[in-house]
1. Hull surface divided by four, with the convex hull built on the Cα atoms of region B:30-114: how many nm²?
2. Answer with one residue from B:LEU103, B:THR122, B:ALA134: the one whose Cα lies farthest towards the positive end of the charge dipole of region B:84-189, charges on Cβ with Lys, Arg +1 and Asp, Glu -1.
3. Measuring nothing but label to label, 7 Å from Cα along Cα→Cβ, what are A:ALA90's distances to the other copies in nm, shortest first?
4. Ratio to report: Rg/Rh of region A:211-336, with Cα atoms as the point set and Rh obtained by the Kirkwood method; give two decimals.
5. Charges at C-beta only: +1 for Lys and Arg, -1 for Asp and Glu. How large is the resulting dipole of region B:12-335 about its Cα centre, in Debye rounded to 20?
6. If N is the number of residues in region A:1-158, what value comes out of its Cα radius of gyration divided by 2.2 N^0.38 Å?
7. What's the percent breakdown of Cα-Cα distances in region C:12-335 across 20 Å bins, shortest bin first?
8. With labels modelled as points extended 7 Å from the Cα through the Cβ direction, what inter-label distance (nm, one decimal) is found for A:TYR143 paired with B:TYR270?
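The values are calculated or read from the model by the stated rules, or taken from the named source; none is laboratory data. For clarity, every value in this text was computed on a predicted model and none was experimentally measured. Glycine gets a Cβ as well: all are built from the backbone with ideal geometry, and neighbour counts include every protein chain shown. For accessibility, only protein heavy atoms count, side chains too; no ligands or nucleic acids. Shrake-Rupley method; radii C 1.70, N 1.55, O 1.52, S 1.80 Å.
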Amino acid sequence: MLAGTAGFAAAEVALSGYAEIGILSSENATTARLLGVTAGDATFHQDVEVSFALSGETDGGLSFGAGIDLDETNVGLGDDSGTTVFVSGAFGKITMGDTDGALDWAVADAGALTSMGDDHTTHVNYFGAGGLDATFDNQVLRYEYSFGDFGVAVSLEQASNGSSAVGTLDDNVGIGATYSLDMAGTAVKLGLGYQTGTVIVSGDNPNTLDDPLTFAVENREATVRAGADVWGLSASAELANGISGSLGYTDTSVDGVGNDYSNLGLGVTYTTGALSLHVNYGSTDPEVGASDSSYGLAANYDLGGGAVVMAGYGSDVDAFTAGDQAQYSIGLGLSF
Amino acid sequence: MLAGTAGFAAAEVALSGYAEIGILSSENATTARLLGVTAGDATFHQDVEVSFALSGETDGGLSFGAGIDLDETNVGLGDDSGTTVFVSGAFGKITMGDTDGALDWAVADAGALTSMGDDHTTHVNYFGAGGLDATFDNQVLRYEYSFGDFGVAVSLEQASNGSSAVGTLDDNVGIGATYSLDMAGTAVKLGLGYQTGTVIVSGDNPNTLDDPLTFAVENREATVRAGADVWGLSASAELANGISGSLGYTDTSVDGVGNDYSNLGLGVTYTTGALSLHVNYGSTDPEVGASDSSYGLAANYDLGGGAVVMAGYGSDVDAFTAGDQAQYSIGLGLSF
Amino acid sequence: MLAGTAGFAAAEVALSGYAEIGILSSENATTARLLGVTAGDATFHQDVEVSFALSGETDGGLSFGAGIDLDETNVGLGDDSGTTVFVSGAFGKITMGDTDGALDWAVADAGALTSMGDDHTTHVNYFGAGGLDATFDNQVLRYEYSFGDFGVAVSLEQASNGSSAVGTLDDNVGIGATYSLDMAGTAVKLGLGYQTGTVIVSGDNPNTLDDPLTFAVENREATVRAGADVWGLSASAELANGISGSLGYTDTSVDGVGNDYSNLGLGVTYTTGALSLHVNYGSTDPEVGASDSSYGLAANYDLGGGAVVMAGYGSDVDAFTAGDQAQYSIGLGLSF
């Protein structure tokens, strides 16, 4: 049993949990292979997570904290391993680890609500405005500061952990700004960001686990990176009638000829009582070749007490197979 | 330090712990090889576990929850990874994950008490009434409902995560029922179950880890499965004088000629004050070839406060070596 | 959210956390290779840990407990896996697992304070007085007892988990004693220890992880061990003026000619208000060949509430490369 020390004023560790139960179906080739199913078959799904939130305050009034999950155990040297650590005070807030770069921090994602398979936020053209984040090990250092309705942030992700070797790629450096305003009862937030550094052009993303079943035999593809810069902007709004939405755009310039591309994203969410409905649309327009688009749907029904009925759909979740490969899930999301 | 929020009425995460300290000795060939000892040598043993119990309730009165241990971290796609999630209400209870199928749920195991090496419940003919559970990934979906002295359950374990491919083996489908009655001060419980689907005939069980030290060089044996069905029944009783016991039987029919077998199990436990003694016997009777039997012993002495002195013995713990290979352990089991 | 059960008198699980944020730079060749940097480059560093302390008491007044961290999950058979379990009472205290042998328990380390990279306590000649601990799997059983100003301990680390096979090396058996006294306001503690058994002479230490990036291709070196015995002593003192320090010596005799060596360590710490400064020096004097020395520095500034500014330096952290390879770190250590 747990030793509660209620009223403890100093540094503390707070626990929370999350669980899922339901059915998931994906036409993504890797997912189907991992599950041993034919693409599109429906599979039982469950997931359980426990999170630890660490928080404290210095005698001088600085706040500090950190976050780690049950499945983020051994924090690797020079890596974030999914964790974050922060310090904040009158000077602003510094965060290091698995956190958004300044562009992603400023520019609004198109998604809202939750689904078991993240179906509606992982379709291939989903507008996540991640910029150049995670080109390297995704250990990001971000400083943010807010004054009145304005917020600003700068960020840095070291290339190769700060290696000084000749030929080391450029660090990812970002800057972002937000402005919140009220337009006749509609809360509006504008975001603008710029990031310069390096992008992954092709090959394996070092932040994505290879298929453990085939790792030993597959040819691990070399990660090919190139210099790049991105700018992006977004406008999001919350109307008084339960409707909210966002519109965003990013433009990525990659070294070499014909490598540039832009992304557009639109999301709309409607909430009435316990029910929330969401749709988002994203498109990618490359400098050379045809543009592509995909969309996501989500429905949440709040049962109270932390339980939510969740349904999600992504119109195309496989970037490596021609045509559209859909994914859906339906089940319960349980927060503790 | 911990942030206790005593009196919190909503969803919560409860912590518990368990530790062991003592000596263990096994004649099992794999265990001896893993430890680098000669079969039967006595080895220091310790183990520490922390468990998280998540629980909540919807506004409409449904209960829900989940369980995960410290060493069950990354829940694999389509897998249970040792975790469970449940939802219950007036309609009954639904559990998904690492849980018993309906036959195992209904038919009583022969074992009782605890030992560090689970010596008394892992001997080769131990009567665990597992039926066809864990033929695949052990992610079981079970529905149960009780009314008065009766309980019923049905269960499903997907074959190959629900693959629709031609040649996919049969899902494991189970049904079970229990009836509790009082016979002149003796609490009696009867269990009856049936399960049909697929069984592992030979080769590696995908739910059992291979020896990590030799995994790279050993030939991983292909898992051979065949269609099967099982029925089983049990009677267990708790007498007023501190004696309890159970008797169970399962009969397994496997496709093909000469593959059937039956299992019989008997367990008796006696408790007086802080001391409990247990013995169980199990036998396997194949359609072709000689039958085999083994037994287990356990003694527990309760020191109070969560500490128990535990001794265990299994008469044969190695199914792959001729003759009997015994295992014993003695030490403390500490619950927190 | 957390379920606090304040005032629970029985066995309990207490949570604590620790996080680091800052910059680290190492000239150690393996560290640089792991990070993909040129030796000495400065790298972002963060780390987050959560620890579980389990404690309880029997009805008869015996205390018992165990400790495990978030990244110590699956406790291996016959291994300590970083955990400890203990039982204590009027008879003394028994600890099993990842704990000091009796020599290390008695003889004071030269180090004090903390740094992100443990720079000041991992330089190659740091005086840690570990004796023969961790020659095998580092699962140590230690018994300790104190009476008045005296403390004594004996310890045992099984060779090859207690294998009875011919040719098995000697267990590590240790004995240690401490004596505390007050000399005109200066608290003095003397330590004396002896350990006999087996030492690692060359090759891979089985308790040290190989570089995971190159494990598949590197030739794992065979671990070469030999019989050995060590004796050691130390004197440590805490002066009333904020100065504390320790002086220690160990002498290790290894089977064969010319294999012996001795270690000397000196550490001094000065604390004034929130600031603490520390320096330690260690030297190794082999029977054959030149002696070597290195030193460590640490500065801690306590911000209160669990936050400490930490700087550390080690003059040589690479035993396998000629010359001195330094390491330093600076950042925040946050305790929750």
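1. Over all viewing directions, region B:30-114 projects a mean Cα-hull area of 9.3 nm².
2. B:LEU103
3. Copy-to-copy label distances at A:ALA90, shortest first: 6.0, 6.0 nm.
4. Details: Rg = 19.0 Å, Rh = 17.9 Å.
Dividing the radius of gyration by the Kirkwood radius yields 1.06.
5. It comes to approximately 500 debye.
6. So region A:1-158 has a normalised radius of gyration of 1.27.
7. 26, 64, 10, 0
8. That separation, rounded to one decimal, is 7.6 nm.
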